[in-house]
Amino acid sequence: MGSNAGLPATLARYRVTGPGTVDDTGCGLLHVDMDAFFAAVELRTRPELVHRPVVVAGAGPRSVVLSANYPARVYGVRSAMPVGAARRLCPHAVYLPPTRGLYGEVSRGVMAIFQELTPLVEPLSLDEAFLDVSGALRRLGTTPAGVGAMIRARVEAEHGISCSVGAAGVKFVAKLASGMAKPDGMVVVPSAETVAFLHQLPVSALWGVGKRTQENLHRVGLETIADVAKTPLARLRSMLGTALGEHLHALANGRDERGVVPETPDKSIGAERTFDVDRTDREQLARELLDLSFRVAETLRARGVRGRTVSIKVRFADFRTITRARTLPSVTDVARDIHATAVALFTESTAGEPIRLIGVRVEGLSGTGEPEQLSFDAVAASAPRWREAEIAADGVSSRFGAGAIRPASLLRRDTE
């Protein structure tokens, strides 16, 4: 089951240790969170490293930690931490490079398990999601805790990784519970005990309480969620502002009206790259835009959508960031079209400054059933069928891996 170190001793009775060990009445909302996801996925093929500190991160000087397993977290290593800081905290850890495409593949498999159980699945990221299982209990012949146990068993058996589950009557508490269940556990908060559960926790457990808000609350003697719940709403509004005061007062009293919102279609698809060393070579940057354009186009085709607007994002060495966009005459999922527009935007918007980050995005998405604008230009009509060529490349990539077939100009970048 794991240590469940995040669960205070006073709340240990909410931990699920076996069938029927906890009351799950009214707990139709689940929050499921994979444990140290990227690291766990990598360790499936490196079992000899399971008990050693392992960090997944890029090798560049500006890279950040993507994931750290629990032995590495003992030393203070956390996701999003600069790699340099992680190496100072834990120099003896094993540092693994991320495997492109692998985490998305595992995530899709895990989300498919959730969607088999209930159509009400709200992914928050690759490795976590809310589920509303209230309407599926009769069909599944079990209870919320039973569904949680089923999910944990299937994720372990089918994907070789562990997850933690929180179950409650409201989303906010379900997410709190899953965090307290880590690693590899389950915490269930009966609906009738929501307030009692919350009131034992510090104010920092409330959504919306960052460091500054926590300091403000502590300054006036509000240390626990119970303290916030007992504070008159008018006083909280005066202290924190109307919106935040009302938000925290509702949560502190166990009220969270938000339901599970199933995944909505993407509004845009993009890719970006941060350079280890600032770039000024315009030819080199154009090739980077080409690589990003191919990645975006491949994702568009994989999801069966096309877009009408191409945008770029550029971050300069001084961290100044700009975005520029252009709407096309018709929708596209072709890298050649995306790249041509991106390069034009880049050329118009920059003048040789050092570049720290560059990105390409396609917006205004619609299904591939939308008709394309016909061209009566003789040159365009006789041009190669670029989309067919890129679709053929998709097939090669799906069989032999990403990057198996690429534009020749990108091969030059790999040798530089």
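Work out, step by step, the length gained on full extension between residue 284 and residue 115: first 0.36 nm times the residue separation, then minus their alpha carbon distance; give nm to one decimal.
56.5 nm
Got the relative contact order for the stretch 189-270 handy, in percent, Cα pairs under 8 Å and 6 or more residues apart?
Once normalised by length, the contact order is 29 percent.
Of all the Cα-Cα pairs you can form in the stretch 115-199, what percent are over 17 Å apart?
47 percent
Roughly how many debye, to the nearest 20, is the charge dipole of the stretch 155-298 about its Cα centre, given +1 on each Lys and Arg Cβ, -1 on each Asp and Glu Cβ, and no other charges?
So the dipole magnitude of the stretch 155-298 works out to roughly 800 debye.
If we sort 136-142, 66-72 on the protection proxy, mean other Cβ atoms within 10 Å, highest first, what's the order?
Order by mean packing, descending: 66-72, 136-142.
What nm value, rounded to one decimal, do you get for the distance between residue 326 and residue 9 when each label is placed 7 Å out toward the C-beta?
6.6 nm
With each label point set 7 Å from Cα along the Cα-Cβ vector, what nm distance links residue 255 and residue 21?
Calculated label separation equals 3.6 nm.
Using a 1.4 angstrom probe with every protein chain in place, what is the largest-first accessible-area order of 322, 358?
Result of the area sort, largest leading: 322, 358.
Would you mind giving the average projected area, over all directions, of the Cα convex hull of the stretch 1-79 in nm² with one decimal?
Approximately 7.6 nm², given one-decimal rounding.
Counting Lys and Arg as +1 and Asp and Glu as -1, each charge on the Cβ, what is the dipole of the chain about the Cα centre in debye, to the nearest 20?
Charge dipole, the chain, about its Cα centre: 700 debye, nearest 20.
Between residue 54 and residues 5 or more places away or on another chain, which pairs have amide H atoms under 5 Å apart, with H built 1.01 Å from N, and which residues are they?
It is 69, 72, 94, by chain and number.
How would you order 20-33, 344-357 from highest to lowest mean count of nearby Cβ atoms within 10 Å?
20-33, 344-357
I'd like the orientation of helix 242-252 relative to the chain: the angle between its Cα long axis and the longest Cα principal axis, in ° from 0 to 90, rounded to 10.
50 degrees
Which net charge results when you count Lys and Arg as +1 and Asp and Glu as -1 among the other residues whose beta-carbon is under 14 Å from that of residue 220?
Once all neighbours under 14 Å are counted, the net charge is +2.
Which label marks the calculated value of Rg and Dmax of the Cα atoms in Å, given the options (i) 24.8, 77; (ii) 20.5, 64; (iii) 23.6, 82?
(i)
Leaving ligands and nucleic acids out of the surface, order 336, 152 by accessible area at 1.4 Å, largest first.
Correct descending sequence by accessible area is 336, 152.
Label residue 81 and residue 235 with points 7 Å out from Cα along Cα→Cβ: what is the distance between them in nm?
3.8 nm
Which one, 37, 83, 57, is farthest towards the positive end of the dipole of the stretch 36-88 when Lys and Arg carry +1 and Asp and Glu -1 on their Cβ?
Comparing the listed Cα positions along the dipole, 83 ranks first.
Please give me, ordered by residue number, the GluC sites (Glu not before Pro) of the stretch 224-291 that lie in loop per DSSP and have at most 10 other Cβ atoms within 10 Å.
Counting only loop positions with at most 10 other Cβ atoms within 10 Å, the GluC sites (Glu not before Pro) in the stretch 224-291 are 257.
In a Gaussian network model over the chain where Cα atoms closer than 10 Å are linked, find which of 178, 164, 311 has the largest mean-square fluctuation.
In the Gaussian network model the winner is 311.
If you average the C-alpha positions of the stretch 335-370 and of the stretch 239-259 separately, how far apart do those two centres end up, in angstrom?
With the stretch 335-370 and the stretch 239-259 each reduced to a Cα centre, they are spaced 41 Å.
The values are calculated or read from the model by the stated rules, or taken from the named source; none is laboratory data. Only a predicted model underlies this, so the values are computations on that prediction, with no experimental measurement involved. FYI the Cβ positions are ideal-geometry reconstructions off the backbone, even for glycines, and counts take in every protein chain you see. Accessible surface areas use protein heavy atoms only, side chains included; no ligands, DNA or RNA. Shrake-Rupley method; radii C 1.70, N 1.55, O 1.52, S 1.80 Å.
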